[in-house]
1. Identify all residues within segment 69-91 that are of a type in the set (Ser, Thr, Tyr) and either within 16 Å of ligand 2 (Cβ to nearest atom) or without any contact (Cβ under 8 Å) to a residue 40 or more places away in the chain (or both); write none if there are none.
2. Report whether or not Leu52 is closer than 30 Å to Phe204 by Cα and within 16 Å of ligand 2 (Cβ to nearest atom).
3. Could you tell me which numbered condition Phe27 fails, if it satisfies all but one of (1) more than 17 Å from the chain's Cα centre (by Cα); (2) farther than 30 Å from Ser272 by Cβ; (3) more than 12 Å from ligand 1 (Cβ to nearest atom)?
4. So in segment 262-282, with the set limited to residues that are surrounded by fewer than 16 Cβ atoms within 10 Å (Cβ to Cβ) and closer than 18 Å to Val121 by Cα, which one is modelled with the lowest pLDDT?
5. Has segment 216-230 got any residue that is surrounded by 15 or more Cβ atoms within 10 Å (Cβ to Cβ), at pLDDT 90 or above and at positive phi?
6. Out of the residues in segment 46-69 that are touching a Ser or Thr at 6+ places or on another chain (Cβ under 9 Å) and farther than 19 Å from Asp137 by Cα, which is surrounded by the fewest Cβ atoms within 10 Å (Cβ to Cβ)?
7. Report yes if Met58 is more than 16 Å from ligand 2 (Cβ to nearest atom), at pLDDT below 80 and of a type in the set (A, V, I, L, M, F, W, C), otherwise no.
8. Just the residues that are basic (Lys, Arg), part of a loop (DSSP other than H, G, I, E, B) and either more than 26 Å from Asp137 (Cα to Cα) or at pLDDT 70 or above (or both), please, taken from segment 1-27.
Amino acid sequence: LMRDPRKKAEDISAAYELKEKLGEGSFSEVRVAQHIRSRRLVAVKCIRKRALKGKESMLENEIAVLRRINHENIVSLLDTFETPSKLYLVMTLLTGGELLDRILERGSYTERDASRVIRQVLEAVKYLHQLGIVHRDLKPENLLYDTPLEDSKIVISDFGLSKMEDQGVLSTACGTPAYVAPELLQQKTYGKEVDLWALGIISFILLCGYPPFYDENDTQLYKQIIKAEYEFDSPYWDEISDSAKDFIAHLLQKDPEKRYTCEQALQHPWISGGAALEKNIH
Ligand code: ADP
Ligand code: MG
């Protein structure tokens, strides 16, 4: 880890004052911090290297990915620090909270709001795919609002699992069960298409407030996913437009070759046209 000359070995506390905790993951915690010189507030992901044992390359990967990225709907890496036990990633502070929490607060989204969120995520994912990066862990917990305002932009965070596509075939089973694409569960080779599947799941949840595939038993859940077996159940979907359902059906397409690409999804009327705007209520 120390070989990267851009990572500073000195302690982060000389430059930043670490403040309250924002979130926690298996290897890390994310805290608010204040840049001492500029008083600017940032988010710092503090990673315990010991917890990461054997997975260092995953982290190296997250850093390498973040350095290459510059998009308004993707979190920016501002700086990195390293001590013998910890690694710190300094990122833009996103103050609007997780998409998941807004879904839970509101029950579900209007079609207009859902379409707006999905369009922004699609733009960001299209950018990643053009760079040969597959995110692989798109889910509402990893989509953060920039500000608490209702019309805040949405930002993709958390690149722990993303991987350069040209490093070979992506075939490690990973990600979060409810959002995992059929080809990933079947340990077939997979690529960019897994992100569009995850966007189909997120779109579904935004519109009705529950996931398309669900079973308390993971084996049963996997069976549903592998068959791409889901329904637009009544009464929850009765008032939702055919355009929205058509959009989701093209993303929750079992065959990755038939699944929409980002470009195709962005051109769908539910995203590009007025189809969702006309449905401000449901
Ligand atoms: P993990 O890899 O452990 O899932 P994440 O990068 O997803 O870590 O961060 C965990 C949580 O910390 C997020 O779900 C979010 O609530 C919060 N968080 C992460 N990055 C930021 C950020 N840039 N600004 C504000 N909160 C953040
Ligand atoms: Mg996360």
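1. Matches in segment 69-91: Ser76, Ser85.
2. Numbers: closer than 30 Å to Phe204 by Cα: no; within 16 Å of ligand 2 (Cβ to nearest atom): yes.
Taking the combined requirement at face value, the residue does not satisfy it.
3. (3) is the only condition that Phe27 fails.
4. Leu277
5. Scanning segment 216-230 turns up at least one residue that is surrounded by 15 or more Cβ atoms within 10 Å (Cβ to Cβ), at pLDDT 90 or above and at positive phi.
6. That would be Arg50.
7. So Met58 fails the test.
8. The answer is Arg3, Arg6.
The values are calculated or read from the model by the stated rules, or taken from the named source; none is laboratory data. Because the structure is a prediction, the values reported are computed rather than measured. Quick reminder, even Gly has a Cβ in these numbers, built from the backbone with ideal geometry, and neighbours come from all protein chains shown.
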